[in-house]
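Q: Dropping the structure in here first, questions after.
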Amino acid sequence: MSQLFRQLTICGVGLIGGSLALTVRRLGLAGRVVGLGRTQANLDVALARGLVDSATRDPAEAARGADLVLLATPVMTFPATLAAMAPHLPADAVVTDVGSVKSWVVHELEPLLGPAMALVAVHPVAGKETTGAGAAAEELFAGRRVIVTPSARSTPAAVEKIEALWRATGAQVERMAPEVHDAILARASHLPQIVASALGAALADEQVDGRWAAGFGAGGLRDTTRIAASSPEMWRDICLTNRAAILQALALYRGAFDQFAGAVEAADGDGLVRLFEQGRRMRERVK
């Protein structure tokens, strides 16, 4: 595949940014890959693994020559990072991201762009509970959905190149409006994270007769709380930047939870079977 960009600068060479870098480097999709990070230790891992050609903690240095900037840090750090980089970027630079929220990203980043720059907001719906450059894996995106949310500052040429970049990872690329993305992901991704973390918080120190109750959990508890191990900083930012949609999703969940509570309180066996059956049918449809 031919080169798409002269220089890709990845802001946050962690699981997502680092995994993309592996494909970019292997296929030569960028002439050069630069890593921008907050901690030298993680940048050293990225360099040692060959994820990037060079690494720096200076936004201005990272911006020079970058015709593609990938924001892969916690969402609420995006504006400050781009503001520090923008004066030093090439006039035709494309800015993209991998955040789990899109409307807020578009609203906050578009005013920071130079007149000839483009923004193409993206969300790769893939990940693990592990973080950092050491967790990067090229196969992470294979067969997974990557959502592209074009906006007013997305040029057709920029969208085409970003979609080609992600298709090279083996991902299934899909377009939708930023607000549609946020409503869907609040239900399909953000709500499950909150539910898993809430369950973990509820059982964190729960003792019964001097025994830690969670210590007696088997595979079900481990599976249900697996994503509770994810980055608290990342999920804080998602909750604060997608509040309206997440509140709608929480209301949906609260309604189902209240139905379960009511059925248990009323000893309604038939009602419980119906609720468990609804949950089972949904789970069978998830690939």
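All of the numbers you see were taken from the coordinates with simple rules; none came from a lab. Just so it is clear, the model here is predicted, and its values are computed rather than measured. Every residue, glycine among them, receives a Cβ derived from its backbone with ideal geometry; neighbour counts consider all protein chains shown.
Q: Go ahead and run the numbers for FRET between Leu199 and Arg32, Cβ-Cβ distance against an R0 of 41 Å, rounding to 0.05. Please report the intermediate quantities before stating the final value.
A: On the way: r = 45 Å, r/R0 = 1.09.
Rounded to the nearest 0.05, the efficiency is 0.40.
Q: Can you tell me which lysines have their Cα less than 23 Å from the Cα of Lys287? Leave out same-chain residues fewer than eight positions away.
A: Qualifying lysines at Cα under 23 Å: Lys128.
Q: Which aspartates and glutamates have a Cα less than 13 Å from the Cα of Lys102, not counting those fewer than 8 places away in the same chain?
A: The reachable aspartates and glutamates, counting only those whose Cα sits under 13 Å from Lys102, are Glu110, Glu179, Asp182, Asp237.
Q: A further question follows. What does the charge add up to near Asp53, with Lys and Arg as +1, Asp and Glu as -1, over the other residues with Cβ less than 11 Å from its Cβ?
A: On the way: positive: Arg25, Arg32; negative: none.
With Lys, Arg at +1 and Asp, Glu at -1, the neighbours total +2.
Q: Rounded to the nearest 0.05, what FRET efficiency do Arg64 and Gln278 give with R0 = 45 Å and r taken as the Cβ-Cβ distance? Could you check? The partial results should precede the final answer.
A: Working: r = 55 Å, r/R0 = 1.22.
About 0.25, to the nearest 0.05.
Q: For mean projected area of the Cα convex hull in nm², pick the label among (1) 14.8; (2) 16.8; (3) 19.0 that corresponds to the value derived from the coordinates.
A: Among (1) 14.8; (2) 16.8; (3) 19.0, the one derived from this structure is (2).
Q: Ordered by packing density, taken as the mean number of other Cβ atoms within 10 Å over each peptide's residues, highest first, how do 54-60, 93-99 rank? Before the final figure, lay out each step's value.
A: On the way: 54-60: 16.0, 93-99: 26.4.
Top of the packing list down: 93-99, 54-60.
Q: What residues from region 228-247 fall in the zone where the backbone N is under 16 Å from a label point 7 Å along the Cα-to-C-beta line of Trp212?
A: 229
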